[in-house]
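*Asks:* Please see the structure below; I have some questions.
The values are calculated or read from the model by the stated rules, or taken from the named source; none is laboratory data. Bear in mind that the values here come from a model prediction, so they are computed numbers and not experimental data. For neighbour counting, all protein chains shown are included, and Cβ atoms are generated from backbone atoms with ideal geometry for every residue, glycine included.
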Amino acid sequence: MEHRYVQLARKALHSYLEDDSLPASSDRARPSGGIFVSLHQGDRLRGCVGTIGPGPDPLETEIAKQAVNAAVRDPRFPPLTPDEIDGLDITVYILDTPVEVHDVSELDPSRFGIVVEDDRGRRGLLLPDLPGVDTAQTQIDIARRKAGIQHPDRMSLYRFGATILH
């Protein structure tokens, strides 16, 4: 059984792709950190978008917005079509506030996501517990490549926990 926030994300995709709307929410809870939604078709990523910090909207609205963003605004993929929705595996990540770390020994890719940021404001994020990301150094290298950071000596490193919902 899908978690209710995953069901909400799926409902948001149907609503948006069918009539350009988002489901109504009576939720007033605010997220304390960022929200990411990832979409997979089997083992293949189909979209993954989110925010590092809390957005201005209530939690359920942020989840719905990020689900739609993952479906139609991830520049790596063409927009999702309505007939693809029911076959998706959807994961919702509710991020904790990132905290700066000063040594790779403070990282664990199975428990923590990371944010890398350089002195020019380039920033990359990698979510926790991703298949094939088994070491902290691999996690850092992928996040650096995503951000286009060439000089790790000019980089700050942050970690965050996340509630991962399927």
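*Asks:* What are the residues in the range 1-20 that are more than 16 Å from residue 79 (Cβ to Cβ) and of a type outside the set (A, V, I, L, M), if any?
*Replies:* Result: 2, 3, 4, 5, 7, 10, 11.
*Asks:* Then there is this: Please identify the pairs in which a residue from the range 139-166 that is among the hydroxyl-bearing types (Ser, Thr, Tyr) has its Cβ atom under 6 Å from the Cβ atom of a residue that is in a strand (DSSP E or B) and surrounded by 15 or more Cβ atoms within 10 Å (Cβ to Cβ), counting only partners at least 6 apart or on another chain.
*Replies:* From the range 139-166, the pairs are 156/117; 158/115; 163/94.
*Asks:* Answer yes or no as to whether residue 104 is out of contact with any Ser or Thr (no Cβ under 8 Å at 6 or more places or on another chain) and assigned by TED's automatic domain parsing to the domain that holds residue 152. If you could, list the steps in order and put the result at the bottom.
*Replies:* Working: out of contact with any Ser or Thr (no Cβ under 8 Å at 6 or more places or on another chain): yes; assigned by TED's automatic domain parsing to the domain that holds residue 152: yes.
So residue 104 passes the test.
*Asks:* For residues that are over 11 Å from the mean Cα position of the chain (by Cα) and among the polar types (S, T, N, Q), scanning just the range 56-94, find the one that is surrounded by the fewest Cβ atoms within 10 Å (Cβ to Cβ).
*Replies:* By that ranking, first place goes to 81.
*Asks:* For the range 31-55, what are the residues that are more than 22 Å from residue 130 (Cα to Cα) and surrounded by fewer than 13 Cβ atoms within 10 Å (Cβ to Cβ)?
*Replies:* 32
*Asks:* Hey, does the range 15-30 have a residue that's surrounded by 15 or more Cβ atoms within 10 Å (Cβ to Cβ), over 22 Å from residue 128 (Cβ atoms), modelled with pLDDT of 95 or more and of a type outside the set (Phe, Trp, Tyr)?
*Replies:* yes
*Asks:* For the range 135-156, does any single residue satisfy the condition of being touching an Asp or Glu at 6+ places or on another chain (Cβ under 7 Å), within 19 Å of residue 43 (Cα to Cα), of a type outside the set (Ser, Thr, Tyr) and surrounded by 15 or more Cβ atoms within 10 Å (Cβ to Cβ)?
*Replies:* no
*Asks:* If you don't mind, there's one more thing I want to ask. Here are some residues: 98, 109. Which one is closer than 19 Å to residue 33 by Cα, surrounded by 15 or more Cβ atoms within 10 Å (Cβ to Cβ) and in contact with a Pro (Cβ under 7 Å, 6 or more places away or on another chain)?
*Replies:* None of the others qualify; the one that does is 109.
*Asks:* Sort out which residues of the range 68-120 are in contact (Cβ under 8 Å) with a residue 60 or more places away in the chain, more than 23 Å from residue 43 (Cα to Cα) and among the acidic types (Asp, Glu), and write them in order of number.
*Replies:* Across the range 68-120, the qualifying residue is only 96.
*Asks:* Kindly evaluate residue 25 against the criterion of being touching a residue at least 24 places away in the same chain (Cβ under 8 Å) and under 12 Å from residue 8 (Cβ atoms). Full working, then the answer.
*Replies:* Working: touching a residue at least 24 places away in the same chain (Cβ under 8 Å): yes; under 12 Å from residue 8 (Cβ atoms): yes.
The answer is yes for residue 25.
*Asks:* Within the range 98-108, does at least one residue satisfy the condition of being under 13 Å from the mean Cα position of the chain (by Cα) and modelled with pLDDT of 95 or more? Can you show your working first?
*Replies:* In the first step, residues of the range 98-108 are kept if they are under 13 Å from the mean Cα position of the chain (by Cα); the result is none.
So far as the range 98-108 goes, no, none of its residues is under 13 Å from the mean Cα position of the chain (by Cα) and modelled with pLDDT of 95 or more.
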